[in-house]
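Since the structure comes first, as structure tokens, the remarks are kept for the end.
The values are calculated or read from the model by the stated rules, or taken from the named source; none is laboratory data. Because the structure is predicted, anything quoted here is derived from the model rather than measured. We place every Cβ from the backbone using ideal geometry, glycine too, and count neighbours over all the protein chains shown. All accessible areas refer to the heavy atoms of the entire protein, side chains included, with ligands and DNA or RNA removed. Shrake-Rupley method; radii C 1.70, N 1.55, O 1.52, S 1.80 Å.
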Amino acid sequence: MRPEVRLTVLTGAGVSAASGVPTFRGPQGLWKNYPPEQLATADAFRRDPRLVWEWYNWRRELVAKCEPNAAHRVLAAWSARYHGFKLITQNVDGLHERAGTRSVIRFHGSIWEVLCWSRCAAAPARWRDETVPFPNIPPSCPHCGGLIRPGVVWFGEGIDPVVLEQSFEATECDLFLVIGTSAVVYPAAGLASQAARRGAITVEINPEITPATSSADLSIQGRAEEVLQELERLIQEGSALRP
Ligand code: OAD
């Protein structure tokens, strides 16, 4: 591919699966029999902040022990090689950044950020806190002593308008890859069709059929960590053959 290609990638939990981070949906996606839709909401936090924080504390501990996999590494290499590369991730685990990927748009926030639940005046809008595990659950705001919440987007909450704008801009591209997402959570799930309407070729990489499969220009059924390595090998071979 030419270095100036405008390549945008949308990733979901499947990209981190080979690192040992469980996906949300599917047999290994449940935690203590609570579906994420019942834990990742402001109502759930209001009702039982300890339970919600136990879940996030567990996820933070788990992710802290995981390493980026081959899929993260290939995407990081592409981010350095292709000038028009953009990556929109629904993942909150930070593994793309740990692999060295540039220009990551964090669509659903980060589990490594927190904010004051009551938005106290003394606290910044959000800040990084990598304490693993938190000694006291639920953890408290160092500025007002109230609760803090994870810096992630919960069901029923809107996407940060700046992030939404950056993502919309990123759909103006030549090639749009959709990797490892079940494509059921909107507005992220609508980005591929947005890119297609704006003239991009769309390619899905996923071992399973999703609602996005039939509308993609090309669907590659396989695991991200294997397919991306193979694509990278072909790209390298292709550039070696070029005069
Ligand atoms: P899901 O758990 O819904 O979907 C994971 C997808 O990854 C499925 O389509 C799997 O087939 C696929 N998959 C599994 N292993 C794979 C592999 N090795 N390579 C490639 N694909 C693989 O996760 P998301 O689509 O990311 O939102 O979920 C979207 C949002 O729903 C999340 O960001 C989160 C969640 O609830 C919030 O927290 C707001």
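Do we find a residue being in a strand (DSSP E or B) and in contact (Cβ under 8 Å) with a residue 12 or more places away in the chain anywhere in the range 120-132? Quick ask: steps written out before the conclusion?
Residues of the range 120-132 in a strand (DSSP E or B): 127-128.
Applying the additional criterion that residues be in contact (Cβ under 8 Å) with a residue 12 or more places away in the chain yields 127-128.
Yes: the range 120-132 contains one or more residues that are in a strand (DSSP E or B) and in contact (Cβ under 8 Å) with a residue 12 or more places away in the chain.
Provide a single number: the residues in the range 125-142 that are surrounded by fewer than 14 Cβ atoms within 10 Å (Cβ to Cβ) and of a type in the set (D, E, K, R). Number of matching residues: 2. Taking every residue in the range 172-189 that is on the phi > 0 side of the Ramachandran plot and pairing it with any residue that is more than 11 Å from the ligand (Cβ to nearest atom), at least 6 positions away or on another chain, the pairs with Cβ-Cβ distances below 9 Å are A183/A192. Looking across the range 175-188, the residues that are open to solvent by 20 Å² or more (accessible area, probe 1.4 Å) and either touching a strand residue (DSSP E or B) at 6+ places or on another chain (Cβ under 7 Å) or under 19 Å from A224 (Cβ atoms) (or both) come down to L175, S182, V184, V185. Among residues of the range 1-20 that are near the ligand (Cβ under 9 Å from one of its atoms), those with a beta-carbon under 7 Å from a residue that is of a type in the set (A, V, I, L, M, F, W, C) and open to solvent by 60 Å² or more (accessible area, probe 1.4 Å) at least six positions away or on a different chain give the pairs A13/F24.
Residues that are modelled with pLDDT of 95 or more, away from the ligand (no atom under 16 Å from the Cβ), among the small types (G, A, S) and assigned to a helix (DSSP H, G or I): does the range 65-75 have at least one? Give the steps one after another, and end with the answer.
Keep residues of the range 65-75 that are modelled with pLDDT of 95 or more, which gives 65-75.
Pick out the ones that are also away from the ligand (no atom under 16 Å from the Cβ) and you get 65.
Narrowing the set further to residues that are among the small types (G, A, S) leaves none.
There is no residue in the range 65-75 that is modelled with pLDDT of 95 or more, away from the ligand (no atom under 16 Å from the Cβ), among the small types (G, A, S) and assigned to a helix (DSSP H, G or I).
Selection of the range 143-156 for residues being within 16 Å of the ligand (Cβ to nearest atom) and surrounded by fewer than 20 Cβ atoms within 10 Å (Cβ to Cβ) yields V152, W154, F155, G156.
Could you please find all residues in the range 192-208 being in a strand (DSSP E or B) and open to solvent by 50 Å² or more (accessible area, probe 1.4 Å)? Show your work before the answer.
Our first condition is that a residue be in a strand (DSSP E or B); within the range 192-208, this holds for 201-205.
Within the range 192-208, I201 is the sole residue that qualifies.
When you scan the range 36-43, do you find a residue that is among the aliphatic types (A, V, I, L, M), under 20 Å from V184 (Cα atoms) and not in a helix (DSSP H, G or I), even just one? Scanning the range 36-43 turns up at least one residue that is among the aliphatic types (A, V, I, L, M), under 20 Å from V184 (Cα atoms) and not in a helix (DSSP H, G or I).
Count of the range 35-82 residues, restricted to those that are in contact (Cβ under 8 Å) with a residue 60 or more places away in the chain, within 20 Å of R102 (Cα to Cα) and open to solvent by 20 Å² or more (accessible area, probe 1.4 Å), is 2. Only one entry in I105, I159, I88 is within 14 Å of the ligand (Cβ to nearest atom), more than 24 Å from W55 (Cβ to Cβ), open to solvent by 10 Å² or more (accessible area, probe 1.4 Å) and hydrophobic (A, V, I, L, M, F, W, C), namely I105. Checking each residue in the range 209-230 for being within 12 Å of the ligand (Cβ to nearest atom), open to solvent by less than 40 Å² (accessible area, probe 1.4 Å) and either of a type in the set (D, E, K, R) or within 21 Å of A195 (Cα to Cα) (or both) picks out T210, A212, T213, A224, E225, L228. Every condition in (1) farther than 21 Å from V104 by Cβ; (2) away from the ligand (no atom under 13 Å from the Cβ); (3) surrounded by 14 or more Cβ atoms within 10 Å (Cβ to Cβ) holds for A122 except the one numbered (3).
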